[in-house]
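Everything on this sheet refers to the single structure shown next.
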Amino acid sequence: MTEKNELDERFPRYSRVQCIVTAHRSYGLIVEVERTVPGFVDLADISSPPVTAADWPDVGAERQTLVLGATNDGRLRLDMRQDDLQLADSAVDLPGAMARWSEARRAHPDDTGPRQSFYQSPDAALLLNWLIAGKGRGSPVESVLELISDAPLEVRQTIVTEQTGRALHGDPNATSIIAALSQACGMDVSTEVLKQLLTEQPPSAEHLAGLADALTGHPLTEPLRRWALASPNPEIRDIGAGIADGHSG
């Protein structure tokens, strides 16, 4: 059996490895890495959103995975979720950002040092965007919003821009959180970002209506209404008139 310390050194946490699926179990997948190193993928780490066993990779299939760590019995715990793989690919130093975030989360509210250290990470905005979208399991939205609210302006702007852009193009998850983000990041930031993106990335009538419905009674409906009423598209203008009346038409 390979020692845990040796596996940790050979396969650092959050590094990418190729694996082969060797069996299906009730709790997930049994895999091999480099043909000799045993590993497993917990069912929660196979896909996002979750899929049934009928949609798991077949035995013999090769897959890219992310290392989550080594167990005491000499196996690698791996992650196949595409959202997590994309996060690792986009990050400058994901292990460092994760470590700083963990320290910031555990720190006493009066101890601002760990938070400031986390905000200085080049991956702070990337990681907070991932967390606020609900992709960090075991991370309450309230604690993530608290971290975002204290972040430097450029970090907050990056997060609001990412989530607002997604909401304007019909992402229901982003649509559900931008109202809370406006409170955490400041209404001025959210309003200016929304105005800019409405010009640069105008939504379809369908997506505009959905966003207006989700934001009913929220101050962000005002820039939506003004933009819609000025549109050359009559369908968009009709939605804007509905927003003015307190609904999206």
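With a 1.4 Å probe and all protein chains kept in place, how much accessible area does LYS4 have, in Å² rounded to the nearest 10?
Result for LYS4: roughly 70 Å² accessible.
In whole Å, how far is the Cα centre of the range 118-148 from that of the range 2-25?
26
Please name whichever of VAL67, LEU145, ILE30 sits farthest to the positive end of the charge dipole of the chain, dipole taken about the Cα centre and charges placed at Cβ: Lys and Arg +1, Asp and Glu -1.
ILE30
Keeping the other protein chains in place, figure out the carbon and sulfur percent of the accessible area of the range 147-249, with a 1.4 Å probe.
Values: 2460 of 4960 Å².
Ligands and nucleic acids excluded, carbon and sulfur give 50 percent.
Of [x] 35, 20, 15; [y] 29, 24, 15; [z] 41, 23, 13, which one was derived for semi-axes √(5λ) of the Cα gyration tensor in Å from the structure shown?
Entry [z].
Going from most exposed to least, what order do THR191, THR161, THR216, THR199 have by accessible area with a 1.4 Å probe? It would help to have the intermediate numbers written out before the result.
Working: THR191 25, THR161 60, THR216 80, THR199 110 Å².
The ordering from most to least exposed comes out as THR199, THR216, THR161, THR191.
Please say if the range 127-242 is rounded, prolate or oblate, where rounded means a/c under 1.5 for a ≥ b ≥ c the square roots of the C-alpha gyration tensor eigenvalues, and otherwise the choice is prolate for a/b larger than b/c and oblate otherwise?
On the way: a/c = 2.28, a/b = 1.89, b/c = 1.20.
Prolate, because a/c is 1.5 or more and a/b exceeds b/c.
Just subtract the alpha-carbon distance of THR112 and ARG35 from 0.36 nm times their residue separation and send over the number in nm, one decimal. Intermediate values should be presented prior to the final figure.
Details: separation 77, 0.36 × 77 = 27.72 nm, distance 4.59 nm.
My answer for the length gained is 23.1 nm.
Given labels modelled 7 Å from the Cα in the Cβ direction, how far is it in nm from LEU229 to ASP58?
5.9
What does the charge add up to near PRO122, with Lys and Arg as +1, Asp and Glu as -1, over the other residues with Cβ less than 14 Å from its Cβ? All intermediate terms of the calculation are to be shown ahead of the outcome.
Values: positive: ARG100; negative: ASP93, ASP123, GLU154.
Overall, the nearby charge balance is -2.
When all protein chains stay in place, what accessible area (Å², nearest 10, 1.4 Å probe) is found for MET98?
My reading of the accessible area for MET98 is about 20 Å².
Shape call for the range 157-203 from the C-alpha gyration tensor, a ≥ b ≥ c root eigenvalues: rounded (a/c under 1.5), prolate (a/b greater than b/c) or oblate? Each step should come with its number before you reach the end.
On the way: a/c = 2.08, a/b = 1.13, b/c = 1.84.
Oblate.
Please work out how much accessible surface ASP55 shows to a 1.4 Å probe, ignoring ligands, DNA and RNA, in Å² rounded to 10.
Estimated to the nearest 10 Å², ASP55 gives 110 Å².
Might you tell me the accessible area per residue for the chain, computed with a 1.4 Å probe and given in Å²?
Numbers: 12690 Å² over 249 residues.
Value returned for the chain: 51 Å² of accessible area per residue.
Once you order the gyration tensor axes a ≥ b ≥ c over the Cα atoms, which shape class does the range 91-183 get: rounded for a/c under 1.5, otherwise prolate or oblate by comparing a/b with b/c? Spell out each step's value before the answer.
On the way: a/c = 1.78, a/b = 1.64, b/c = 1.09.
Prolate shape, in that a/c is at least 1.5 and a/b is the bigger ratio.
Over the range 133-249, what is the relative contact order in percent, taking alpha-carbon pairs closer than 8 angstrom and at least six residues apart? Write out the running numbers ahead of the final one.
Details: 130 pairs, mean separation 24.5, N = 117.
The value is 21 percent.
Out of all DSSP beta bridges in the chain, what portion is antiparallel? Express it as a percent rounded to 5. List each step's numbers first, then the result.
Numbers: 21 of 24 bridges.
Counting only bridges with both partners in the chain, antiparallel ones make up about 90 percent.
About its Cα centre, how strong a charge dipole does the chain have in debye, to the nearest 20, once Lys and Arg get +1 and Asp and Glu get -1 at the Cβ? Mind showing how you got there, number by number?
Numbers: 22 positive and 36 negative charges, 25 e Å.
Charge dipole, the chain, about its Cα centre: 120 debye, nearest 20.
What do you reckon, how do ILE30, ILE236 stack up by accessible area (1.4 Å probe), largest on top?
On the way: ILE30 35, ILE236 5 Å².
My answer, sorted largest first, is ILE30, ILE236.
How much mean residue ellipticity at 222 nm does the chain get from its helices, if each DSSP H run of length 4 or more adds -39500 (n - 2.57) and you divide by all residues, to the nearest 500 deg cm²/dmol? Don't jump to the answer; show the numbers that get you there.
Details: 12 runs with 128 residues, N = 249.
Rounded to the nearest 500, the figure is -15500 deg cm²/dmol.
Considering the zone a paramagnetic label at TYR27 would reach in this model (a point 7 Å from Cα along the Cα-to-Cβ line), which residues of the range 71-109 have amide N under 13 Å from it?
Taking a point 7 Å out along Cα→Cβ of TYR27, the residues of the range 71-109 whose backbone N falls under 13 Å are 71-78.
At 0.36 nm per residue, minus the direct Cα-Cα distance, what do LEU85 and GLU146 gain on full extension? Give it in nm, one decimal, please.
Details: separation 61, 0.36 × 61 = 21.96 nm, distance 2.57 nm.
Fully extending the segment from LEU85 to GLU146 adds 19.4 nm.
The values are calculated or read from the model by the stated rules, or taken from the named source; none is laboratory data. What you see is a predicted model, and the numbers here were worked out from it, not measured in a lab. Heads up, the Cβs are rebuilt from the backbone with ideal geometry, glycines too, and the neighbour counts pull from every protein chain shown. Side chains included, ligands, DNA and RNA excluded: accessible areas come from the protein's heavy atoms. Shrake-Rupley method; radii C 1.70, N 1.55, O 1.52, S 1.80 Å.
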